[in-house]
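Notes follow once the structure below has been shown.
The values are calculated or read from the model by the stated rules, or taken from the named source; none is laboratory data. These figures come from a predicted structure and were not determined experimentally. Note: ideal-geometry Cβ built from the backbone for every residue, glycine included; neighbour counts use all protein chains shown.
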Amino acid sequence: MFVSDCISINEKGHLTIGSADTVELAKEFGTPVYVFDENEIRNNLRAFRGSIEENYGGRGLVCYASKAFSCKEIYRICKQENVGIDVVSGGELYTALSVGFPAENIVFHGNNKTPDELRMAVENGVGRIVVDNLTELERLNAIACEAGKTVGIMMRIKPGVDAHTHDFIKTGQIDSKFGFALETGEALSAVKAALGMPSLKLRGLHCHIGSQIFDISPFELAAQVMLGLYKQIKDETGTELEELNLGGGFGIRYVDGDTPVPYGEYMKSVSAVVRAETEKLGLKMPFILIEPGRSVVGAAGLTLYTVGAVKNIPDIRTFVSVDGGMADNPRYALYKADYQVICANKANEAKDMTVTVAGKCCESGDLIQENTKLQTVEAGDILAVLSTGAYNYSMASNYNRIPKPPVVMVNNGEARIAVRRETYEDVASCDV
Ligand code: LLP
């Protein structure tokens, strides 16, 4: 019935998340508000970790891709759950370090890290910096040399597997802005350059084939293609790389038709491919890293809004306007992303209206969902938009100077603030 397992309906007919009544949460914390079920996040991290234990003898590291949802509390949770993290900016790195996240278990990504960001990563002992291009390789080597350190790196490779289309076009990703192309020989020559850098230690290679993927086969193909490159590197340089980072991208349920693969299945299939390929090619089995983002937090979160007005345009559409919108969730405006919407205080009632849920920004494209089924609602009702845990808070803006909503964590019915609501003062705090 619901796209997420942590969502239910209580005896009052109210929607719940992690056993907490969402109508009560809206009253206590105000709206809009992002709410997460902490247990769901922890269970997802444990499922990924467990699948590496079970299928790969524990020789790997789950690195939560924190671009999906970044704040101090999620880094504390990751630290407690003994997983690593992936960061993509000085801001994410700063936040993680500020709660004492172990730098060795941080993977630093980005296609254009600034010299300051690279210096910050080197000075703080980030375990793996994923190098995107030759300019960065040289820049990082110089920064490491200046700091008198040897820095662990991985290199981002475009394996030529296009997963977005669900059709493997082996050269399809060559125009991506990220990383070194494999099929042109660019990747191999960059690896050779990296092996010659005195202040860098090449730990392995990285690839990431896309996001919201429901099919295991592109991941298997990517692992196979990457190991082919490991063999070529071994043959041509005598160096056998120790680690392989296969990125993230595992799909979640936003709406009924979405059919994610159970997280355990992914490592099972990929482990089998890695085992068979390394045996065939005479390679050691590498230490594996994976970077799930959306699949860790996406379905663990929802957003609550208050309905402000219902506007019926006869024979055209009915707008349900809420007190948030594209500033807290830009994904419909950007990607026409699907979401399940429910009236939290009428969750047991039939969905007998077809509506467009609109935000409060001064912009026609500020919509959360179009032509979606909803209970009959009126001003004052609470709307819940499900599966907003990933790429909502992290992509939120202050467009129209709207303060960002707070983040509330629920644990077995108990709620606490993880990020407080922004005030107007916060919004104007950098203005001079
Ligand atoms: N690793 C790397 C190198 C990535 O670029 C990404 C996502 C991930 C891991 C995590 O992927 P996930 O498991 O979350 O699919 N803003 C878009 C998604 C952008 C994803 C960017 N990279 C959205 O809202 O759908």
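Scan region 354-369 residue by residue and report those that are without any contact (Cβ under 8 Å) to a residue 40 or more places away in the chain and among the acidic types (Asp, Glu).
The answer is 363, and nothing else.
Here's the yes/no breakdown for (1) within 17 Å of residue 69 (Cα to Cα); (2) of a type in the set (D, E, K, R):
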| residue | (1), (2) |
| --- | --- |
| 28 | no, yes |
| 36 | yes, no |
| 40 | yes, yes |
| 44 | yes, no |
| 54 | no, yes |
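Please state which of the following conditions residue 188 fails to meet, knowing it meets all the rest: (1) assigned to a loop (DSSP other than H, G, I, E, B); (2) more than 27 Å from the chain's Cα centre (by Cα); (3) not β-branched (Val, Ile, Thr).
(1)
Give all pairs with beta carbons closer than 7 Å in which a residue from region 200-228 that is aromatic (Phe, Trp, Tyr) meets a residue that is in a helix (DSSP H, G or I) and within 16 Å of the ligand (Cβ to nearest atom); count only pairs at least 6 apart in sequence or on separate chains.
219/266; 219/270
Please give the number of the condition residue 138 fails out of (1) surrounded by fewer than 18 Cβ atoms within 10 Å (Cβ to Cβ); (2) touching a His at 6+ places or on another chain (Cβ under 6 Å).
Of (1) surrounded by fewer than 18 Cβ atoms within 10 Å (Cβ to Cβ); (2) touching a His at 6+ places or on another chain (Cβ under 6 Å), only one is false for residue 138: (2).
Can you work out which of the residues in region 51-74 that are of a type in the set (Ser, Thr, Tyr) and within 16 Å of the ligand (Cβ to nearest atom) is farthest from residue 90 (Cα to Cα)? Write out each step before concluding.
Let us first name the residues in region 51-74 that are of a type in the set (Ser, Thr, Tyr), namely 51, 56, 64, 66, 70.
Then keep just the ones that are within 16 Å of the ligand (Cβ to nearest atom); that gives 51, 64, 66, 70.
Working: 51: 31, 64: 17, 66: 12, 70: 12 Å.
Residue satisfying both the conditions and the ranking: 51.
Name the residue, out of 247, 238, 228, that is at pLDDT 95 or above and crowded, with 20+ Cβ neighbours inside 10 Å.
After applying the criteria, what remains is 247.
Could you tell me whether region 279-301 includes any residue that is of a type in the set (Ser, Thr, Tyr) and more than 16 Å from the ligand (Cβ to nearest atom)?
Taking region 279-301 first, the residues of a type in the set (Ser, Thr, Tyr) are 295.
After this cut, where a residue has to be more than 16 Å from the ligand (Cβ to nearest atom) as well, the list is none.
No: zero hits.
Considering 341, 355, 322, which residue is farther than 26 Å from residue 421 by Cα, of a type in the set (A, V, I, L, M, F, W, C), at pLDDT 95 or above and more than 16 Å from the ligand (Cβ to nearest atom)?
Matching residue, one of 341, 355, 322: 355.
Considering (1) within 11 Å of the ligand (Cβ to nearest atom); (2) touching a Phe, Trp or Tyr at 6+ places or on another chain (Cβ under 8 Å), say which one residue 335 fails and leave the rest.
Exception for residue 335: condition (2).
Sort through 297, 307, 341, 320 and tell me the only one that's buried (at least 18 other Cβ atoms within 10 Å of the Cβ) and under 18 Å from residue 49 (Cα atoms). Spell out the reasoning first.
Values: 307 fails: under 18 Å from residue 49 (Cα atoms); 341 fails: under 18 Å from residue 49 (Cα atoms); 320 fails: under 18 Å from residue 49 (Cα atoms).
Among 297, 307, 341, 320, only 297 is buried (at least 18 other Cβ atoms within 10 Å of the Cβ) and under 18 Å from residue 49 (Cα atoms).
Please enumerate the residues belonging to region 393-415 that are touching a strand residue (DSSP E or B) at 6+ places or on another chain (Cβ under 9 Å) and outside any loop (DSSP other than H, G, I, E, B).
Correct list: 393, 407, 408, 409, 410, 411, 414, 415.
What's the total number of residues in region 197-206 that are more than 12 Å from the ligand (Cβ to nearest atom) and under 16 Å from residue 60 (Cβ atoms)?
Selection size over region 197-206: 3.
Take the residues in region 207-261 that are aromatic (Phe, Trp, Tyr) and more than 15 Å from residue 271 (Cα to Cα); name whichever of them is nearest to the ligand (Cβ to nearest atom).
Checking each candidate, the answer is 250.
When you check residue 122 against the structure, is it at pLDDT 95 or above, surrounded by fewer than 23 Cβ atoms within 10 Å (Cβ to Cβ) and either under 19 Å from the mean Cα position of the chain (by Cα) or within 13 Å of the ligand (Cβ to nearest atom) (or both), yes or no?
No: the conditions fail for residue 122.
State all residues of region 389-430 that are polar (S, T, N, Q) and either farther than 20 Å from residue 28 by Cα or in contact with a helix residue (DSSP H, G or I) (Cβ under 6 Å, 6 or more places away or on another chain) (or both); if no residue qualifies, say none. Write out each step before concluding.
Within region 389-430, the first condition is being polar (S, T, N, Q), and the residues that meet it are 392, 394, 397-398, 400, 411-412, 423, 429.
Within region 389-430, 392, 394, 397, 398, 400, 411, 429 qualify.
Residue pairs, Cβ under 6 Å, 6 or more apart or interchain, first in region 132-161 and over 15 Å from residue 244 (Cα atoms) and in the same structural domain as residue 111 (by TED's automatic domain parsing), second surrounded by fewer than 16 Cβ atoms within 10 Å (Cβ to Cβ) and among the polar types (S, T, N, Q). List them.
132/111; 160/171
Out of 350, 379, 390, report the one residue that is at pLDDT 95 or above, of a type in the set (Gly, Ala, Ser) and either within 16 Å of the ligand (Cβ to nearest atom) or in a helix (DSSP H, G or I) (or both).
One residue alone meets the criteria, 390.
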